[in-house]
Amino acid sequence: LKHASLRPLLAVLDPQLTFTVPKSVTAATGVDALVHAIEGYTCKVTNPISQALGARAMQTIVAALPTAFSDPAHEQARYSMLEGSLLAGLSFGSSDVAAVHCLA
């Protein structure tokens, strides 16, 4: 279920688009992005690039999620979450993880 044509050509990381997201969605999607980073870093068929992207994603998400959750309009925390999520997606997208994450 992997193919280059399924990958997006562009990611728009605009933190202002996330200011009004409910806290429950911020928490759930933040933890989901963290799990993606962990999976890309630790899966059986990982590689140094996936591990580097996953490690940076984990650091970024763990540092930013508490602030993004407690202060929804904190622009830097929201941007860091978007960046961490992007890095996590690149991490598991360049390793061999479960099909459900490839579809996500």
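The values are calculated or read from the model by the stated rules, or taken from the named source; none is laboratory data. Quick caveat: nothing in here was measured; it's all calculated off a predicted structure. Quick reminder, even Gly has a Cβ in these numbers, built from the backbone with ideal geometry, and neighbours come from all protein chains shown. Protein only, heavy atoms only, side chains kept; ligands, DNA and RNA dropped before computing areas. Shrake-Rupley method; radii C 1.70, N 1.55, O 1.52, S 1.80 Å.
General observations
- Annotation note: Cβ proximity below 8 Å between a residue of region 76-98 that is closer than 10 Å to L53 by Cβ and aromatic (F, W, Y) and a residue that is open to solvent by less than 20 Å² (accessible area, probe 1.4 Å) and assigned to a helix (DSSP H, G or I) (sequence gap 6+ or interchain) occurs for F92/A37; F92/G40; F92/S50; F92/G54.
- Residue within region 74-83 that is part of a loop (DSSP other than H, G, I, E, B) and surrounded by fewer than 13 Cβ atoms within 10 Å (Cβ to Cβ) present: no
- The residues of region 19-59 that are in contact with a Phe, Trp or Tyr (Cβ under 9 Å, 6 or more places away or on another chain), among the polar types (S, T, N, Q) and within 12 Å of S85 (Cβ to Cβ) amount to a single one, T26.
- Look at (1) modelled with pLDDT of 95 or more; (2) among the small types (G, A, S); (3) in a helix (DSSP H, G or I) and you find that S91 fails only one, number (1).
- Failed item, numbered, when T20 is tested on (1) out of contact with any helix residue (DSSP H, G or I) (no Cβ under 8 Å at 6 or more places or on another chain); (2) free of Cβ contacts under 8 Å to residues at least 40 places away in the same chain; (3) of a type in the set (V, I, T): (2)
- Residue in region 19-37 that is loosely packed, with under 13 Cβ neighbours inside 10 Å, outside any helix (DSSP H, G or I), polar (S, T, N, Q) and at pLDDT 95 or above present: yes
- Any hit, region 76-88, residues being of a type outside the set (F, W, Y), in contact with a Pro (Cβ under 7 Å, 6 or more places away or on another chain) and under 21 Å from A11 (Cα atoms): yes
- Filter pass, A57 being on the phi < 0 side of the Ramachandran plot, within 14 Å of the chain's Cα centre (by Cα), in contact (Cβ under 8 Å) with a residue 40 or more places away in the chain and not in a loop (DSSP other than H, G, I, E, B): no
- Check on A57, open to solvent by less than 40 Å² (accessible area, probe 1.4 Å), aliphatic (A, V, I, L, M) and within 13 Å of G89 (Cα to Cα): yes
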